Amino acid sequence: MMATTHALAGLLLGALTLFVAPELAPAAMLAGFAGGLFPDLDLYGKHRKTLHFPVYYSVATVPALVLAILVPTAQSVGLATFLLAAALHSVTDIFGGGLELRPWEGTSERAVYSHYHGRWLRPRRWVTYDGSPTDLALASTFALPLLFVEWGVIDPLVTVALGISGVYTIVRKHLPDVAETLTGAIPAQVRPYVPERYL
C-alpha cells in the first residue's frame, strides 16, 4: 500500500482520541500520521525489512497503550498512537502486493520481513499493489471521516495526502520503466548501493 494510505490510517487512529480525550487528539493525530509513514522510511534500503516490524511494533504497543491510559499526556498518547500506527502499517503490508518492481505481476513471495519469525511473510494481494485503484479507494475511505474533524491542520494534510495518492496512482505503472532507465545509466561503482529490486 502507498505510504499515504498508511499515513491516513494512522491519522484516523489518532482521531479516535477525540471521543475520549479531545485535548490530546492533536498530538495523537500527528503521531498517528508519523507512525503510519515511519516504516516506509526504509524505502530506499532494505524495504519492508529495516523499519517494518509486524510483531515487535505490535508487542511494544501494549505497554505504551497501558501507559497512555494510566498517565494520559500528549507524550504518552502520542507514543502509543505512533507505535500502533507503525504496527498497523507493518501488518497491513502483508495484505498488499509483493516486493518487486512490478507487483501487479505477482512474482514475489516477499511482503514483509518478520524479524520475530526470521523470514519473509508472503503477500496476500488483497490490495494488488501500491498505487492501485483499490489502494486509492482505501486511502480515500480513511480520509473521508477526517474531513469532518475540526482542527486547522487536518484538512490541508488530508488534501495533500490524497493529492499525492491520486498522482501516484496515475503514474505508478510507468515508474518501473523510469527506474530501469535511470539505473541503467548509473556508473558501475555506484551500483552496489542501489537496492536490488531496481537492478
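Of the residues that sit in region 133-155 and are in contact with a helix residue (DSSP H, G or I) (Cβ under 7 Å, 6 or more places away or on another chain) and not hydrophobic (A, V, I, L, M, F, W, C), which one is surrounded by the most Cβ atoms within 10 Å (Cβ to Cβ)? Outline the logic, then answer.
Taking region 133-155 and keeping what is in contact with a helix residue (DSSP H, G or I) (Cβ under 7 Å, 6 or more places away or on another chain), we get 133, 135-136, 138-140, 142-143, 145-147, 149, 151, 154.
Pick out the ones that are also not hydrophobic (A, V, I, L, M, F, W, C) and you get 133, 135, 140, 145.
Working: Pro133: 11, Asp135: 23, Ser140: 15, Pro145: 13.
Here the answer is Asp135.
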Of the candidates Ala86, Ala80, the one satisfying the condition of being out of contact with any Gly (no Cβ under 8 Å at 6 or more places or on another chain), in a helix (DSSP H, G or I) and in contact (Cβ under 8 Å) with a residue 12 or more places away in the chain is Ala80
In region 38-58, anything in contact (Cβ under 8 Å) with a residue 40 or more places away in the chain and crowded, with 20+ Cβ neighbours inside 10 Å is listed as Phe38, Pro39, Asp40, His47, Arg48, His52, Phe53, Pro54
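Take region 148-199 and flag every residue that is polar (S, T, N, Q) and free of Cβ contacts under 8 Å to residues at least 12 places away in the same chain. Spell out the reasoning first.
Here is the first cut: in region 148-199, the ones polar (S, T, N, Q) are 159, 165, 169, 181, 183, 189.
Those that are polar (S, T, N, Q) and free of Cβ contacts under 8 Å to residues at least 12 places away in the same chain: Thr159, Thr181, Gln189.
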Restricted to region 103-123 and to residues being of a type in the set (Lys, Arg) and in contact (Cβ under 8 Å) with a residue 12 or more places away in the chain, the residue surrounded by the most Cβ atoms within 10 Å (Cβ to Cβ) is Arg110
Filtering region 1-28 down to residues that are aliphatic (A, V, I, L, M) and without any contact (Cβ under 8 Å) to a residue 24 or more places away in the chain yields Leu16, Val20
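Read the figures in this text as sums done on the coordinates, not as results from a lab. What you see is a predicted model; the values in this text were computed from it and never measured. A quick note on method: Cβ atoms are made from the backbone with ideal geometry, for glycine too, and the neighbour counts reach across all protein chains shown.
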